[in-house]
Amino acid sequence: MAELSARMRSMVQPYLAGIEPYDPNFTPTRINLSANENTYPLPADVREAVDRALAATPLNRYPDPMSNELRDELAARHGVARENICVGNGGDELLFNFLLAFGGEGRQLLNCPPCFSEYEFFASLTRTGVRNVRRDRKTFALDERALLAAAPHASLAIITSPNNPTGDVVECSFIERLCHACPGPVMVDEAYIEFADAGTSTEGLLEDCPNLVVLHTLSKAFGAAGIRCGYVIAAPDVIEVFAAIRQIYSVNVLTQAAAAAMVRAHDAFSPVVEQIRSERERMYRALAADGRLTVWPSQGNFLLVRMEGASRIRERLRDEFSILVRDFSYAPGLDGCLRITVGTPEENDEVLAALAALLD
Ligand code: PMP
């Protein structure tokens with residue numbers, strides 16, 4: 001990756017001098033299974049409802065800063081009140097704001113790698129210290145004892161469930177104990193929760209755990225990564241903090257209108273989610289049957305797969321088959337690992353056939 005120019009290194013805040021301009025290294029490919037997007041088309045009636053909502057949205061007015069119509073739709077979906085929800089420009093904005101509000105100099109984020117790398121990035125941008133409690137090297141299970149021992153010293157914590165990129169979910173009973181042990185807020189990042197088994201969400205703990213924050217996004221199950229819409233559910237005083245520090249117009253009028261139409265139609269997404277879950281199991285069985293691969297069970301819309309020569313295989317998938325998957329083999333604890341998003345049956349068949357050809 002590129003570095004900042006020497007001129008810029010001397011101008012930016014000293015602690016930012018080492019940052020690297022973001023280069024997603026994006027290659028257009030026929031089949032893109034690299035970013036855990038939903039590769040299925042929107043259900044036709046939902047797409048029509050979204051188009052109608054967009055067409056009826058005036059563009060000359062600033063957006064409602066709090067997205068109240070959308071909050072009401074989300075509140076109805078989750079059985080909570082509007083005051084329990086804050087909407088953001090994707091989950092990423094809310095994660096950044098979480099670190100901005102509750103982290104900072106002299107404070108500590110409790111983090112469980114391997115997990116979503118943005119947490120550490122946002123911690124570095126907000127000068128938040130990071131206490132990493134690593135997952136088990138083989139199973140990726142959380143080290144619950146070490147987490148509970150570290151929690152009293154943490155200013156905030158983030159646990160991902162299902163975890164990206166390892167696919168496992170956290171036990172609700174553990175989150176309850178962690179919330180009691182941590183003096184600051186505990187976020188459970190449930191970006192992929194719709195793909196997990198029923199009953200795995202930690203939302204039921206919100207009543208008893210006033211420091212719990214549950215993060216959701218429309219980028220995954222709702223297939224709307226392009227509109228940039230995420231939200232947190234938490235106690236009203238926690239939501240007030242998110243509301244107070246956010247960029248007031250970060251969720252634009254088109255996003256608010258499209259998201260409200262999609263959340264209103266949330267039942268229409270169940271068949272797509274069911275199909276992705278069943279494709280995930282089919283892919284898991286096919287990959288696990290190949291003795292040259294290690295694959296972990298996943299509750300998300302992706303699978304983590306370890307193999308010999310992973311980086312080279314990822315390049316050949318891209319260059320010879322025009323299939324893009326994510327290389328994690330450089331990441332600590334994930335050597336030899338690729339993450340493959342579960343796509344449509346046709347896309348998945350192509351991945352299986354291409355892998356079989358490359359591994360031979
Ligand atoms: N959390 C996790 C675990 C993710 O994998 C992602 C996206 N890759 C996000 C949050 C953020 O998603 P978005 O900003 O698209 O809502």
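The values are calculated or read from the model by the stated rules, or taken from the named source; none is laboratory data. Predicted, not measured: the structure shown is a model, and the values here were computed from it. Cβ coordinates were reconstructed from backbone atoms using ideal geometry, including for glycine residues, and neighbour counts include every protein chain displayed. For the accessible areas, the whole protein counts, side chains as well, though only heavy atoms, and no ligand, DNA or RNA atoms are used. Shrake-Rupley method; radii C 1.70, N 1.55, O 1.52, S 1.80 Å.
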So which of 230, 223, 184 is over 21 Å from residue 79 (Cβ atoms), at pLDDT 95 or above and within 14 Å of the ligand (Cβ to nearest atom)?
-> 223
From 304, 334, residue being in a strand (DSSP E or B) and either out of contact with any helix residue (DSSP H, G or I) (no Cβ under 7 Å at 6 or more places or on another chain) or in contact (Cβ under 8 Å) with a residue 60 or more places away in the chain (or both) = 304
If you scan segment 94-140, which residues turn out to be part of a loop (DSSP other than H, G, I, E, B), open to solvent by less than 50 Å² (accessible area, probe 1.4 Å) and either without any contact (Cβ under 8 Å) to a residue 12 or more places away in the chain or not basic (Lys, Arg) (or both)?
-> 103, 104, 112, 113, 114, 115, 126, 128, 133, 140
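Yes or no, residue by residue, for (1) touching a Gly at 6+ places or on another chain (Cβ under 6 Å); (2) open to solvent by less than 50 Å² (accessible area, probe 1.4 Å); (3) in a loop (DSSP other than H, G, I, E, B):
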site: 238; (1), (2), (3): no, yes, no
site: 250; (1), (2), (3): no, yes, yes
site: 257; (1), (2), (3): no, yes, no
site: 267; (1), (2), (3): no, no, no
site: 277; (1), (2), (3): no, no, no
site: 281; (1), (2), (3): no, no, no
Could you tell me which of the residues 177, 246 is over 19 Å from residue 341 (Cα atoms), charged (D, E, K, R) and either within 16 Å of the ligand (Cβ to nearest atom) or in contact with a strand residue (DSSP E or B) (Cβ under 6 Å, 6 or more places away or on another chain) (or both)?
-> 246
Of the candidates 87, 80, the one satisfying the condition of being in a strand (DSSP E or B) and modelled with pLDDT of 95 or more is 87
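Looking for something away from the ligand (no atom under 16 Å from the Cβ), modelled with pLDDT of 95 or more and not in a helix (DSSP H, G or I) - is there at least one such residue anywhere in segment 67-76?
No; the residues of segment 67-76 include none that is away from the ligand (no atom under 16 Å from the Cβ), modelled with pLDDT of 95 or more and not in a helix (DSSP H, G or I).
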Of those in segment 197-216 that are open to solvent by less than 10 Å² (accessible area, probe 1.4 Å) and in contact (Cβ under 8 Å) with a residue 40 or more places away in the chain, the residue nearest to the ligand (Cβ to nearest atom) is 215
Taking only pairs six or more apart or across chains, which ones have beta-carbon atoms under 7 Å, a first residue in segment 71-91 that is under 18 Å from residue 255 (Cα atoms), and a second residue that is of a type in the set (Phe, Trp, Tyr)?
-> 74/231; 85/231; 86/231; 86/242; 87/231; 88/231
State whether one or more residues within segment 176-185 are of a type in the set (D, E, K, R), touching a helix residue (DSSP H, G or I) at 6+ places or on another chain (Cβ under 7 Å) and surrounded by fewer than 17 Cβ atoms within 10 Å (Cβ to Cβ).
-> yes
Members of segment 181-228 found to be under 20 Å from residue 46 (Cα atoms) and hydrophobic (A, V, I, L, M, F, W, C), listed by number = 195, 218, 221, 222, 224, 225, 227
Of the listed residues (201, 219), the one being within 21 Å of residue 274 (Cβ to Cβ) and over 12 Å from the mean Cα position of the chain (by Cα) is 201
Hey, residue 12 open to solvent by less than 70 Å² (accessible area, probe 1.4 Å), of a type in the set (A, V, I, L, M), out of contact with any Gly (no Cβ under 8 Å at 6 or more places or on another chain) and over 19 Å from residue 219 (Cα atoms) or not = yes
In segment 36-64, how many are open to solvent by 90 Å² or more (accessible area, probe 1.4 Å) and part of a loop (DSSP other than H, G, I, E, B)?
-> 5
